[in-house]
1. Inside the range 49-62, can you point out the residues that are in contact (Cβ under 8 Å) with a residue 60 or more places away in the chain and farther than 14 Å from residue 214 by Cβ?
2. Could you tell me whether any residue of the range 168-179 is under 21 Å from the mean Cα position of the chain (by Cα), outside any helix (DSSP H, G or I), more than 22 Å from residue 54 (Cα to Cα) and not assigned by TED's automatic domain parsing to the domain that holds residue 59?
3. Can you pull out the strands (runs of 3 or more DSSP E) entirely within the range 21-65 that have at least 3 residues that are touching a helix residue (DSSP H, G or I) at 6+ places or on another chain (Cβ under 7 Å)?
4. In the range 108-121, what residues are surrounded by 14 or more Cβ atoms within 10 Å (Cβ to Cβ) and either outside the structural domain of residue 21 (by TED's automatic domain parsing) or not in a helix (DSSP H, G or I) (or both)?
5. Which of the residues that make up the range 223-246 are within 17 Å of the chain's Cα centre (by Cα) and within 21 Å of residue 44 (Cβ to Cβ)?
6. Pull up the range 215-233, narrow it to residues that are more than 21 Å from residue 161 (Cβ to Cβ) and in contact (Cβ under 8 Å) with a residue 40 or more places away in the chain, then point me to the one that is surrounded by the most Cβ atoms within 10 Å (Cβ to Cβ).
7. Which of the residues belonging to the range 235-254 are in contact (Cβ under 8 Å) with a residue 24 or more places away in the chain and part of a helix (DSSP H, G or I)?
8. Within the range 15-38, does at least one residue satisfy the condition of being within 13 Å of the chain's Cα centre (by Cα), closer than 27 Å to residue 216 by Cβ and assigned by TED's automatic domain parsing to the domain that holds residue 98?
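The values are calculated or read from the model by the stated rules, or taken from the named source; none is laboratory data. The structure displayed is predicted, hence computed values, not measured ones. We place every Cβ from the backbone using ideal geometry, glycine too, and count neighbours over all the protein chains shown.
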């Protein structure tokens, strides 16, 4: 199915409903929920998914798992999606959103799934295709592309400010001073609220924010300097530390 709302198809008596949708650049899906879990795959473009727990940036050729009932908002930056709406008992990737890798096989299955009939024959070829897709989904790898956000209002304001203007030179000492607490108290609070150290959070935020810019062709040098890194090499080293690949290698894998 193409360019149709799941709200019209949610009662389809099949474990999976596959829908392909094309979005204009900058299109925003306001915060909403689904009864079914959703696998949201971007064949092109970048998606930014926001929930109460944090933000996820989904580069091209990756997907985000959105559990049933989780309220989420999505910003589409030149995206053509393939979505699977999955009955909660059909597969379980956990109760929180996560960005996942998409194997070449899974990519082809997703593209094909939107072409199968809505009430596909579960015992026939289309049913086998959907079953294989669920098996591939269950074994997919999780990617560290989540920026957790704290609940503490004062700390949340600092984190949101950083996401608007990332600066690799910002330090925990600076943030502790702005909150008028000791560095030790700040470090403890930050880890309690995000499950990451300040340095880990800052690096992950820079990587995730950079992915959206890299995906639309911005040069590494420009991004590195905008984020406060002393050189493109310093940025690439940090990027490789977080994702295990240099920016150029990551982008090549997204094609």
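1. Initially, the range 49-62 is screened for residues in contact (Cβ under 8 Å) with a residue 60 or more places away in the chain, giving 53-62.
Of everything in the range 49-62, those that are in contact (Cβ under 8 Å) with a residue 60 or more places away in the chain and farther than 14 Å from residue 214 by Cβ turn out to be 53, 54, 55, 56.
2. no
3. 37-51
4. Correct list: 114, 116, 120.
5. 243
6. Within the range 215-233, the match that is surrounded by the most Cβ atoms within 10 Å (Cβ to Cβ) is 215.
7. Of everything in the range 235-254, those that are in contact (Cβ under 8 Å) with a residue 24 or more places away in the chain and part of a helix (DSSP H, G or I) turn out to be 235, 238, 239, 241, 242, 243, 247, 248, 250, 251, 253.
8. Residues of the range 15-38 within 13 Å of the chain's Cα centre (by Cα): 38.
With closer than 27 Å to residue 216 by Cβ added as a condition, the list becomes 38.
Still in the list and also assigned by TED's automatic domain parsing to the domain that holds residue 98: 38.
Yes, the conditions are met somewhere in the range 15-38.
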